[in-house]
Amino acid sequence: MTLTAVLHSEWIKIRSIRSTYGSLVAVFAITLIVTVLVLGTVGQEQAERAGSDAVLNAFFALNFGQIAAIAFGATAVSSEFLNGALRISLAAVPRRSLFYAAKMAAIGGAALVIGLVTSFATFLVGQLFLEEHAIGLGHPGALRAAVGGGIYLALMALLAAGLAALMRSAVAVLGLLIPLLLIVPFVFVDVATTVVRYLPDRAGQAVLHQNPGDSLGPWTGLAVAAAWAAAALLAGWWAIRNRDA
């Protein structure tokens, strides 16, 4: 089979599995809902605080959207390990590297598209609630953050997808990544600030700051997050190539 044909079949899988497709839609829905709730209630108050980062505030809800992106990446891969689905997939596409590359390309492509739509929609909708404090895409750092936010969500999906190929369980991936992203940085921020800034979420979200300050630069941070995703994808590729289906 050609790469195009395998990509098409993998996209059909994403659309056909309710939990996977639902997680993809949830990236957009959850982020937008949180944006409306937060900026619609306390957005102007946040904007009036001294030293407030207007760009970062605009993309606050991506912290919630990334959980849905992780769930999407994990479920899109873990579904292959249910009821012998992987054996059927490999019977149709015996070249395991081709199968794996097509699956990850479909996951990454879908996550990137929905991530960019989510990031720009979040920014534009959120500004409707800020009245005189609203900023536009021409504001310093805003356009970069909107594009970077979409890329960041795609990287989180790919990170989860690679780990799911390695661990063969969406539950295990969520059990690993959610504490890593939501708990570890706050527990160790005062004692290991240098280490924390290289975690995938802290590094990747540097692109959402107008002025990253002491964190990594916006594109450097995104590159660090990409390195995490690449490492997970390589580990997943090794597992798919060498383990029994």
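For the chain, the residue among Leu7, Thr220, Ala230 whose Cα projects farthest onto the positive side of the dipole built from Cβ charges is Leu7.
What value, in deg cm²/dmol to 500, does the helix sum -39500 (n - 2.57) over DSSP H runs of n ≥ 4 give at 222 nm once divided by the residues of the chain? Can you show the working numbers first?
Details: 13 runs with 184 residues, N = 245.
Taken over the chain, the calculation gives -24500 deg cm²/dmol.
Within the full protein context, the accessible area of Trp228 is estimated at about 100 Å² for a probe radius of 1.4 Å. Each residue of region 76-83 is assigned a 3J(HN,Hα), and the resulting list reads 4, 8, 5, 4, 5, 9, 9, 6 Hz, derived from the Karplus form 6.51 cos²θ - 1.76 cosθ + 1.60 (θ = phi - 60°), x at Gly and Pro. Summed over the residues of region 37-158 and divided among them, the accessible surface reaches 40 Å² per residue at a probe radius of 1.4 Å.
Pairs of Cα atoms nearer than 8 Å and 6+ residues apart set the relative contact order; for region 110-159 it is 59 percent.
Of the accessible area of the chain, with the probe set at 1.4 angstrom, what percent is carbon plus sulfur?
Here carbon and sulfur together make up 67 percent of the probe-accessible area.
Normalising the average separation of contacting C-alpha pairs (under 8 angstrom, six or more residues apart) by the number of residues puts the relative contact order of the chain at 25 percent. Measuring nothing but how far apart in sequence close Cα pairs (under 8 Å, 6+ apart) lie, relative to its length, region 1-77 scores a relative contact order of 45 percent.
The values are calculated or read from the model by the stated rules, or taken from the named source; none is laboratory data. Treat the numbers as computed from the prediction; the structure is a model and nothing was measured. As a convention, Cβ positions derive from the backbone with ideal geometry for all residues, glycine included, and neighbour counts pool all protein chains shown. Surface areas here come from the heavy atoms of the whole protein model, side chains and all, with no ligands, DNA or RNA. Shrake-Rupley method; radii C 1.70, N 1.55, O 1.52, S 1.80 Å.
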